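Values quoted throughout were computed directly from the atomic coordinates according to the rules given, and no laboratory measurement underlies them. Please read all numbers here as calculations on a predicted model, not as lab measurements. Here the Cβ positions follow ideal geometry from the backbone for every residue, glycine too, while neighbour counts run over all protein chains shown.
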Ligand SMILES: Nc1ncnc2c1ncn2[C@@H]1O[C@H](COP(=O)(O)OP(=O)(O)O)[C@@H](O)[C@H]1O
Ligand SMILES: [Mg+2]
């Protein structure tokens, strides 16, 4: 059968994408790679658009466009070659979205990306969707910063409103004299000052939402960072049932308020009394959801593909407990041979050209019997990782 016969209803994507349909993925990183692998299993082709040749996503995709995100002609050809466009990162330039959106269905939609690209819009949105957030103020100049410090107090965290990741573009202000150098380093970009949250733990909850409005929410996980980069996720988070349920509820509420089609991760702080504060939203599969690849019947990547393709979502049920370790360069490269030898560890490698320090090269999931993680201390939970 030809592609045309099996591709189903694609014009405007009013129905599900048929076998052999093509999903366009903007971005060439590991999130796109793992989405493309999940898409292939469901019978779809992926076409990756990214500036770098031989990117992790392109290595597993049926087609690739190597071009800058500003290349209007290449974007138009890409849009014409795919049935639906999705994104593996949220910081898609506004100009790129303006070119793509009229030419192809974009999932998630442009408005979701606009909100999640800007910490001010995002914080406002979280609060309006009923997710409490720490006090914050917009900071455009030094007078704003002085006013914000007076209102919020110290310690506080000064962040760029856009393009921050892995702790980049932020500074913790502990004393009044930290303010001027931090402002000088981060400005002239628009900034936000947030109260420093004395959290007991950091967690995240991942939710998928389909074209029919159905949601599938994964168990919330506990995240530990090293050098501001995610190091470990413990699934499920070792939380009270009330806190865990609240995290899931918040994630589902956000997906609905955003009218999301796709997957989002909500990062939350857990306070010592078990209450939650929202930190940020990523409208895509998330590093803290990689455990779902091996511990759930359907991974976050499969759910993302299902949502984008207009298929029914799968269950987000967990059949094992899991611990995920990120393999970050160069130490992650050294760990790889021992991970391959250890039973019960499931290794994943992203095919990056270089093992530069701080780069995410892969991850490994350790599976544990369902319900057993809670009784383990960190050392026992991490055996073999
Ligand atoms: N207001 C805050 N209070 C305490 N810690 C914070 C605060 N904001 C961020 N952090 C710490 O910095 C990390 C990175 O910040 P985040 O806002 O998630 O930015 P990104 O993940 O985009 O780099 C968080 O995971 C948390 O450990
Ligand atoms: Mg974060």
Can you compute the helix-only [θ] at 222 nm over the chain? Use -39500 (n - 2.57) per DSSP H run of at least 4 residues, normalise by all residues, nearest 500 deg cm²/dmol.
-8500 deg cm²/dmol
Return a whole-number percent for the relative contact order of segment 3-106, with Cα pairs under 8 Å and 6 or more residues apart as the contact set.
27 percent
Checking 52, 144, 273 against a Gaussian network model of the chain (alpha-carbon springs below 10 Å), the top fluctuating residue turns out to be 273
With r defined as the distance between the Cβ atoms of residue 185 and residue 331 and R0 fixed at 25 Å, what FRET efficiency is calculated, to the nearest 0.05?
0.35
Residue 241 paired with residue 212, simple spin-label distance in nm, labels 7 Å along Cα-to-beta-carbon
2.9 nm
Highest GNM mean-square fluctuation among 110, 305, 48, for the chain with Cα springs under 10 Å, belongs to 110
In whole angstrom, note down how far apart the Cα centers of segment 323-385 and segment 43-119 are.
30 Å
Spin-label zone in segment 262-286 - amide nitrogen under 18 Å from a point set 7 Å from the Cα of residue 42 along the C-beta vector:
262-265, 283-286
Multiplying the sequence separation of residue 103 and residue 226 by 0.36 nm and subtracting their Cα-Cα distance, what value in nm do you get?
40.2 nm
The FRET efficiency for residue 249 and residue 315, from their Cβ-Cβ distance with R0 = 22 Å and rounded to 0.05, is 0.75
Inter-label distance, nm, simple model (7 Å from Cα along the C-beta direction), residue 19/residue 73
3.8 nm
In segment 348-385, which residues have a backbone nitrogen under 14 Å from the label point lying 7 Å from residue 166's Cα in the Cα-to-Cβ direction?
350, 352-363
Ellipsoid semi-axes in whole angstrom, largest first, where each is sqrt(5λ) of the Cα gyration tensor of the chain:
32, 26, 21
How much length would be gained if the chain were fully extended between residue 340 and residue 275, taking 0.36 nm per residue of separation minus their Cα-Cα distance, in nm to one decimal?
19.5 nm
Taking every DSSP beta bridge with both residues inside segment 3-106, roughly what % is antiparallel (nearest 5)?
0 percent
Note on the chain: contact order normalised by length, alpha-carbon pairs under 8 Å, 6 or more apart, percent, works out to 13 percent
How far apart, in nm, are two points set 7 Å out from the Cα along the Cα-to-Cβ line at residue 80 and at residue 379?
6.4 nm
I'd like to compare 177-184, 135-142: which one has the highest average count of other Cβ atoms within 10 Å, and what's the full order after that?
135-142, 177-184
